[in-house]
Amino acid sequence: MKEQHWLTRRETIRSLWIVFAVVLAATVIAELFVAHEAHFDVETVFGFNAWFGLLACAGLITFAKLLGVLLKRPDTYYEGSDD
Amino acid sequence: MTSLALHPGLILIAGAFLLLPLRGAARSVVALAVPVAALYLAWHVPDGAVASVRFLEFELTPLAGDKLSRLFATIFAIMAFGGALFALNQKHPLELAAALFYAGAAIGVTFAGDLITLFVFWELMAIGSTLVIWSAGTRPAYRASLRYMMIHLLGGVLLMAGIAGHVVDTGSITFQRLATDSVAHWLILAGFLLNAGAPPLSAWLPDAYPEASWSGTVFLSAFTTKAAVYVLLRGFPGTEILVYVGLFMVFYGIIYALLENDMRRILAYSIVNQVGFMVTGVGLGTEMALNGAASHAFTHIIYKALLLMSAGSVLLMTGKRKCTDLGGLFQSMPLTAWCGIIGALSISSFPLTSGFVSKSMISQGAADMHWLVVWLLLAVGSAGVFLHAGIKFPWFVFFQKDSGLRPPDPPSNMRLAMLFFSALCIGLGIYPDPLYAMLPYPVEFVPYTGAHVVTQLQLLFFSGLAFFVMLDFLRRTLTITLDVDWFYRTPGLWLIRSALQGLSLYGSQAELRLRQSVFEVWRLLERHHGPESKLARTWPTGSMALWVMILLLAYLLLYYL
């Protein structure tokens, strides 16, 4: 069997997840050490951009998925029809 | 007239014609030298009207400069150079020439001091871009280019009607700030917005651009929409409706890109999304937001071209464009993957990339005005950009699964073009001062504060978390997503076909009736003049003498009367 690229190995992917989790935590903790520049009250909530970004993306993906149910068609949909 | 000979846009257009018959090294030299000449000339266009030409009773100013024009002309010329470098090995003889023509027309728009010149270059842009799409030489590209042209001709009609109305109302053709206070100005705004990819007719962009060749789409991504941002910046700054139009575009782009399977169509939807940020900035209208919109147009052209170069390289080397067919390409195309990732980080406004120093100014504009909802929606939009372009594009093309494809990186000119644009993305991200110095207003904005960097990193990394956690929801399928173009590609087409059929039916009936009436006339003529008719019969000499006598008597009578 051909040797797998190191980046595709199961152990590497697990380590990448661990590094990612550390980075996520670090970006939130770093908030304690920088001067705040809030323009709105909501920004002063701890980790605002972290949970807001997460929720926003979850919302966008869910909305896209729902819209897809309505508007998705096979990619051959227009073939032949407008020739 | 001598100053017109030094018009940077006309130099590019002349270069395009010069390029047509050339082949080999001469073609490469001209294709690269002409954009450099245009860039040099653009930097030397002074403030105010430089040249004027008389046309009918109007005094046209085809060359007028200020900081905003020079900023856009600069990026258009850089784009023409980078795109030409990338496209040097494009076999189709027309495409590169058409692309330079297109770039020249876009620069012509940026230096147009009056609305008539603006309109002429606007339409030349439509011609150039259509030719670029045609150069792909495929049937779907030809069909898409016809739809593209139809929409842009409609845009041209709106713009021309608006300009004519404006001239009747004011008697002036100068291109300056316009208020939305008359039908004419609304028509001009509609014409501009159509080219920006604004609703309801955004679908022309993801319909047509991905059908161009692997190099053609790179050029297409840059000029039309950003020329529209330029004219909005000059004509309609602070027009509130643009905030809402822009936000709609931001979310339209994200949602459709999330559902899309074609890698270049993902990036096409993402153009609408990014132009949405710029249009919102124009609508906010403060110096901060306008600087943000202008600088974002500048950085966007570079990173979007870079992303499409990366996608174009994949298309050229694999012949595939669907995410479902791709994956794992980082193993054999490392440079293309790295450049794609740099483009993806820039579009996501990652710190140390060009998008970070430009887009944050638009959000800052909303914050300065205390528009909480707009600011929040821009933040959702920023998170969504990382989702649909920042991770989705590189993930599905270069990582994801192993598609088994092992194509090498593309030829050296394409690699060089990608490296050049990658260097610009990172260079402007680390050292934005030259860009800030070119902006229309003085920049009082420090991008790299601790809070800016930390909040942006939080937003992006947690968006990334959402992507990987919800990856199952994002699994690619062999689908497209219906858009407004459905109306003119399905029921519209049916209506036109039925109307044509109706017309031909009516036509055949009308033809039958015509034949019948012609036949009637013929029969009448035959009855009187045919061989058996009264007038054709031979007459006896006696009746002839009688008729002569009657005529002579009548003559005598009349003579005496």
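Quick note: the coordinates plus some simple rules give every number you see, no bench work behind them. Just so we're clear, the structure is a prediction, and the values are computed from it rather than from any experiment. Here the Cβ is made from the backbone with ideal geometry for all residues, glycine too, and neighbour counts use every protein chain on show.
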Practice task
Partner chain Cβ atoms within 10 Å, averaged over the residues of A:44-53 - can you pull that number for me?
Solution key: 6
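Give the average, rounded to an integer, of partner chain Cβ atoms located within 10 angstrom of each Cβ in B:357-370.
On the way: counts 0, 0, 0, 0, 0, 0, 1, 2, 0, 1, 5, 1, 1, 2.
Across B:357-370, the average partner-chain Cβ count within 10 Å equals 1.
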Fill in the blank from the handout: region B:187-250 and region B:341-405 have their Cα centres apart by a whole-number Å value of 19 Å
Practice task
Based on the mean of other Cβ atoms within 10 Å per residue, sort peptides A:16-26, B:381-391 so the most packed one is first.
Solution key: B:381-391, A:16-26
Handout entry: Those aspartates and glutamates that a straight Cα-Cα span of less than 12 Å connects to residue B:322, excepting residues fewer than 8 apart in one chain
Key = A:75, B:260, B:262
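Of chain B, which part is the longest with no GluC sites (Glu not before Pro) in a loop (DSSP not H, G, I, E, B) and with at most 15 other C-beta atoms within 10 angstrom?
Values: sites that count: B:57, B:240, B:444, B:532.
Maximal segment without exposed cleavage sites: B:241-443.
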Problem - For region B:129-143, Karplus couplings with θ = phi - 60° (6.51, -1.76, 1.60), whole Hz, Gly/Pro x - result: 5, 4, 5, 4, 5, 4, 4, 4, x, 9, 4, x, 5, 5, 4
Handout entry: Other protein chain Cβ atoms within 10 Å, averaged over every residue that makes up A:19-25
Key = 2
Exercise for the section: Enumerate the amide H contacts of residue B:63 below 5 Å, restricted to partners 5 or more residues apart or on another chain; note that Pro and chain-start residues carry no placed amide H. Expected result: B:50, B:51, B:113
Fill in the blank from the handout: The lysines whose Cα lies under 21 Å from the Cα of residue B:359, excluding any fewer than 8 residues away in the same chain, are B:67, B:226, B:304, B:392
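Rank by packing, highest mean first: peptides A:29-38, B:230-239, with packing defined as the count of other Cβ atoms within 10 Å averaged across residues. The partial results should precede the final answer.
Numbers: A:29-38: 11.9, B:230-239: 22.7.
Result, highest mean Cβ count within 10 Å first: B:230-239, A:29-38.
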Problem - Length-normalised contact order of region B:237-477 in % [C-alpha pairs under 8 Å, at least 6 apart] - result: 26 percent
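What FRET efficiency comes out for residue B:506 versus residue A:18 if R0 is 60 angstrom and r is the Cβ-Cβ distance? Round to the nearest 0.05.
Working: r = 75 Å, r/R0 = 1.24.
With R0 = 60 Å, the Cβ-Cβ based efficiency is 0.20.
Using only DSSP helix segments of four residues or longer, with each worth -39500 (n - 2.57), what per-residue ellipticity at 222 nm results for chain B after dividing by its residue count and rounding to 500?
Working: 24 runs with 394 residues, N = 561.
Taken over chain B, the calculation gives -23500 deg cm²/dmol.
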Practice task
Report, largest value first, the span of the C-alpha coordinates of chain A along each principal axis, in whole Å.
Solution key: 61, 49, 19
Practice task
Over the alpha-carbon set of the protein assembly as shown, divide Rg by the Kirkwood Rh and report the Rg/Rh ratio to two decimals.
Solution key: 1.18
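If you keep only loop residues by DSSP, which chymotrypsin sites (Phe, Trp or Tyr not before Pro) in region A:36-83 have at most 10 other Cβ atoms within 10 Å of their Cβ? Let's see the in-between values first.
Working: sites: A:40, A:46, A:48, A:51, A:52, A:63, A:77, A:78; in loops: A:40, A:46, A:77, A:78.
Those that pass, being in a loop and sparsely packed, are A:46.
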Handout entry: In order through region B:161-167: 3J(HN,Hα) via Karplus (6.51 cos²θ - 1.76 cosθ + 1.60), integer Hz, x for Gly, Pro
Key = 4, x, 5, 4, x, 4, 5
Fill in the blank from the handout: Check: C-alpha center region B:489-561 vs C-alpha center region B:273-337, spacing in Å is 71 Å
Completion exercise
Between residue B:352 and residue A:77, Cβ-based FRET efficiency (R0 45 Å, step 0.05) works out to 0.60
Handout entry: Solution diffusion estimate, µm²/s, Stokes-Einstein, region B:58-204, Kirkwood Rh from C-alpha pairs, 20 °C, viscosity 1.002 mPa s
Key = 131 µm²/s
